[in-house]
2 protein chains.
Amino acid sequence: MIDYNRDAHDIYRQSFAIIRAEADLSRIPPDLEALAVRVIHACGMPEIVADLEFSPGAGAAGRAALEAGAAILCDSRMVAEGITRARLPADNPILCTLNDPSVPALARELGNTRTAAALELWRPHLAGAIAVIGNAPTALFRLLELLDAGAPKPALILGFPVGFVGAAESKAALAANSRGVPFVTLRGRRGGSAMAAAAVNALGRGHA
Amino acid sequence: MIDYNRDAHDIYRQSFAIIRAEADLSRIPPDLEALAVRVIHACGMPEIVADLEFSPGAGAAGRAALEAGAAILCDSRMVAEGITRARLPADNPILCTLNDPSVPALARELGNTRTAAALELWRPHLAGAIAVIGNAPTALFRLLELLDAGAPKPALILGFPVGFVGAAESKAALAANSRGVPFVTLRGRRGGSAMAAAAVNALGRGHA
């Protein structure tokens, strides 16, 4: 037998203690502290807390929306799978429209990626929802375009696309003008579905 | 309309070009170049290539196994969802046993995490498989224990657990002694399901 910690609860406890010891959380408001800790936990990098950008009260807005039963709209199946259902306070629906059979045709029609086109199917669910982008910069850009065109406002945007083309730009666009919607985002190229799902989980039940 | 790149193919092309311009791939053998590029693509960090560890021929071994129909065993649903089925050369089965109803009882019995206990259900599928750990250090430790106890050898281990307790240690244990199994791993705390899935995708059809 190899000597290692086999106790899930103790692993979480130790992990969060290490994060709190190493990460500079001084600029993080209390309603986003759990989110910062869990996003760091998802990627193993305490220093990314410096790249977190958010609107005042974004954490509280997200928590209130979840408690009121808000749907969680995800740009990728990985984000949807990363959400811990047991933490959701109102058995909140989790929706990912990417694999809907209508999406390839929508993408051709819109001249956009499938992930961005899939947001057309978010329209009936957008009002008051948690909109989570954990993969595609084009999806975050498209969400801003939908809002500019008068789509209903979600309660919170969690903007965590990752990559080399458009990720930093789409997150900067969100932070510069979130169209009146509370938001949390991570500046730069880093991000991804695990961090995005961790952000949702931090707004659910329990503590980091 | 916001000005951004909406062409998925061109976004991939540009992303991979940026990665190849920025990442030092000089120590990466040809059979792992696509893997290195796609793992970087999944996390947005060209510098992580320095933390990649691997056995000689690991990429070729993984490709041959996939072409021979190898099953892909994943420690988490997020990894399974991140694998692009269209890239798999032999309609390879993708298996994640974490949500099997027997797992909570197995975890109590073994005194280990659910993710580690779920590997008990890998046993009949291990021989010649691609074993992918994208989340839990305990799963990677447990895989090494199974091999020490005489379990059938997979064709390749992709070791990408993430986090603050056991991640660096489990990956160091794999790199120090992979029990005769070809492997690719990422030293340190960083890793995760997106990188693990990207590593699988790089071994499938097409090029990075």
Solvent-accessible area buried by pairing B with A, both sides, nearest 100 square angstrom, 1.4 angstrom probe: 3400
Dipole magnitude of region A:1-94 about its Cα centre, charges +1 at Lys/Arg Cβ and -1 at Asp/Glu Cβ only, in debye to the nearest 20? 240
So what does log10 I(q)/I(0) come out to for region A:30-92 at q = 0.17, 0.20, 0.23, 0.24 Å⁻¹, using the Debye formula with one equal point on every Cα and no solvent? -0.72, -0.98, -1.21, -1.26
Once you charge only the Cβ atoms, +1 for Lys and Arg and -1 for Asp and Glu, what is the size of the charge dipole of region B:66-196 about its Cα centre, to the nearest 20 debye? 320
Ignoring ligands, DNA and RNA, the residues of region B:1-27 whose accessible area with a 1.4 Å probe is reduced by 50 Å² or more relative to the chain alone are B:2, B:4, B:6
Run lengths n ≥ 4 of DSSP H only: what is the helix-derived mean residue ellipticity at 222 nm for chain B, with -39500 (n - 2.57) per run over all residues, to the nearest 500? -12500 deg cm²/dmol
With all protein chains present, how much of the accessible area of region B:51-203 (probe radius 1.4 Å) comes from carbon and sulfur, to the nearest whole percent? 52
For chain A, built as a Gaussian network whose Cα springs stay under 10 Å, the top-fluctuating residue of A:155, A:105, A:127: A:105
With springs only between Cα atoms under 10 Å apart, run a GNM on chain B and tell me which of B:45, B:78, B:195 wobbles the most. B:45
Using a 1.4 angstrom probe on protein heavy atoms only, which residues from region B:32-71 are buried by at least 40 Å² of accessible area when all chains are present rather than their own chain alone? B:44, B:45
at residue B:123 the sorted inter-copy label distances (label 7 Å from Cα on Cβ side), in nanometres, are 5.4
Using a 1.4 angstrom probe, figure out how much accessible area chain B has per residue, in square angstrom, rounded to the nearest whole. 38
Nearest 10 degrees, 0 to 90: what angle lies between the long axis of helix B:30-43 and the longest principal axis of chain B (Cα atoms)? 90
Report the FRET efficiency, 1/(1 + (r/R0)^6), for residue A:27 and residue B:68, where r is their Cβ-Cβ distance and R0 is 35 Å, rounded to 0.05. 0.10
What nm distances, shortest first, do you get from the label point of residue A:21 to those in the other copies when the point sits 7 angstrom along Cα to Cβ? 4.2
So the label point sits 7 Å from Cα along the Cα-to-Cβ vector; using that for residue A:8, what distances do you get to the other copies, in nanometres, sorted shortest first? 3.4
Semi-axis lengths (Å, descending) of the ellipsoid that matches the C-alpha gyration tensor of the protein assembly as shown: 33, 25, 20
Using only the alpha carbon atoms of region A:22-176, find the Kirkwood hydrodynamic radius as the inverse mean reciprocal pair distance, in angstroms to one decimal. 16.1
For helix B:137-148, what angle does its Cα long axis make with the longest principal axis of chain B, in degrees from 0 to 90 and rounded to 10? 60
With springs connecting C-alpha atoms under 10 Å apart, model chain A as a Gaussian network and identify which of A:75, A:100, A:24 has the largest mean-square fluctuation. A:100
Just going by the charge dipole of region A:51-203, with Lys and Arg at +1 and Asp and Glu at -1 on Cβ, which of A:113, A:135, A:95 is farthest out on the positive end? A:135
Out of the DSSP beta bridges found with both residues in the protein assembly as shown, what percent are antiparallel (nearest 5)? 20
Accessible-area loss of at least 30 Å² in the complex relative to the chain alone (1.4 Å probe) applies, within region A:103-145, to A:112, A:113, A:138, A:141, A:145
Once the mean of 1/r over all distinct C-alpha pairs in region A:124-196 is inverted, the Kirkwood radius in Å reads 11.7
Mind checking the mean number of beta-carbon atoms from other chains within 10 Å of the Cβ atoms in B:171-182? 0
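The values are calculated or read from the model by the stated rules, or taken from the named source; none is laboratory data. Because the structure is predicted, anything quoted here is derived from the model rather than measured. Reconstructed Cβ throughout: ideal geometry from the backbone, glycine too, with neighbour counts over all protein chains shown. Surface accessibility is based on the protein's heavy atoms, side chains included, excluding ligands, DNA and RNA. Shrake-Rupley method; radii C 1.70, N 1.55, O 1.52, S 1.80 Å.
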